Amino acid sequence: MSALERHGIKHLSPSSLNLWLENPGLWTIRYLAGVKDETGAAMARGSAVETGMLHGLHGKEGAADTALANFDLNMAGEIADHIEVERKMIGPMVEQCAKWKAPSPVVASQFKVEHWFDGVSVPVVGYLDFAFDDIDVDLKTTKACPSSPRANHVRQASLYRAARNRRGALLYVTHAKHAFYEIDDEARDRALGELQSAALSLQRFLTKFDLAEDAIRALPMNMDSFMWSEATKAKVAELQL
């Protein structure tokens, strides 16, 4: 049994590898201590906009209403100022999705992909947002549209490119604009190298520990990042790190 499997990890994902690169301590809390964060308002907003976009891509009316209903369901009726801020962006974001010209009718959505890296004992699995006839597109909702695609997003889209051997791109949507970035071969190869290096380093790290608690305690916990939820912070306090 490999080190990854010994610690209960049957597959990796682009997001987990990005987290290992950006904040290894938090990675151990989520994936070794098993703390699962509740869906935040920003994440629920992204899911809602994706639902609305798919509704529109199928030529149906009421895409924004569908997106808002999805958001309200995920928020389970919770009311707070920060939730309302996210909710107000959904309609305009769905409008921006509609302004983007799809290259063809959508073929599939939330499509599972799997890729194996040499030397890594488990696959990397992800879920592609939208597949069209000759290109795959991952949707990113954000409050500020980047002038170039973000590195963590390029890694994710590059893994999909490698797994499916197709063109791939990122669609960024804000409440006021959208931007489309196709991932070229050079960017794909660089990003895949980064993901493979991350997977190998994680695998090597876990070979040093039989117990999850020992692996968790071997890393510093930098909780300044916005990625730390109250649940993950509470787990650190419980472990007395």
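Here are the numbers:
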| read-out | value |
| --- | --- |
| Diffusion constant of the range 132-241 at 4 °C, which comes from Stokes-Einstein with the Kirkwood Cα-pair radius and 1.567 mPa s, µm²/s | 77 |
| Solvent-accessible area per residue for the chain (1.4 angstrom probe, square angstrom) | 51 |
| Of all accessible heavy-atom area on the chain, the percent that carbon and sulfur account for (1.4 Å) | 50 |
| Cα extents of the range 1-53 along the three principal axes, largest first (Å) | 43, 19, 19 |
| Compactness of the range 127-173, expressed as Rg and Dmax over alpha-carbon positions, Å | 10.5, 31 |
| Per residue, the convex hull volume that the Cα atoms of the range 175-236 enclose (Å³) | 138 |
| Whole-Hz ³J(HN,Hα) from phi, Karplus 6.51 cos²θ - 1.76 cosθ + 1.60, for the range 12-19, glycine and proline x | 10, 9, x, 5, 5, 5, 4, 5 |
| Leading residue at positive end of dipole, the range 176-241 (Cβ point charges), from L219, T207, I183 | L219 |
| Residues whose placed amide H lies under 5 Å from that of L12, excluding near-sequence neighbours | V124, V125 |
| Along the chain, longest interval not containing exposed GluC sites (Glu not before Pro), exposed being DSSP loop plus at most 13 other Cβ atoms within 10 Å | 79-241 |
| Dipole magnitude (debye, nearest 20) for the chain, charges at Cβ of Lys, Arg, Asp, Glu | 280 |
| Two-decimal Rg to Rh for the range 155-211 - Kirkwood Rh, Cα set | 1.18 |
| Inverse mean reciprocal Cα-Cα distance (Kirkwood Rh) of the chain, Å | 19.2 |
| Average Cα contact separation per residue, the chain, under 8 Å, 6 or more apart, as relative contact order % | 25 |
| GNM flexibility winner over the chain from N152, N222, N74 (Cα, springs under 10 Å) | N222 |
| Overall dimensions of the range 23-137 as given by Cα atoms, namely Rg and Dmax in Å | 17.1, 48 |
| Against the rule of thumb 2.2 N^0.38 Å, how large the Cα Rg of the range 90-139 comes out | 1.50 |
| Candidates V106, V85, V154: whichever shows maximal mean-square fluctuation once the chain is modelled as a Gaussian network with Cα springs under 10 Å | V85 |
| Separation between Cα centres of the range 95-137 and the range 145-182, rounded to whole Å | 10 |
| Rounded tilt (10° steps) of 81-99 against the dominant C-alpha axis of the chain | 60 |
| Residue among P123, P105, P24 with the largest mean-square fluctuation in a Gaussian network model of the chain, springs linking Cα atoms under 10 Å | P105 |
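The values are calculated or read from the model by the stated rules, or taken from the named source; none is laboratory data. Nothing here was measured: the structure is a model prediction, and the numbers come from that model. We place every Cβ from the backbone using ideal geometry, glycine too, and count neighbours over all the protein chains shown. When the accessible area is computed, the model is the full protein with side chains, heavy atoms only, and any ligands, DNA or RNA have been set aside. Shrake-Rupley method; radii C 1.70, N 1.55, O 1.52, S 1.80 Å.
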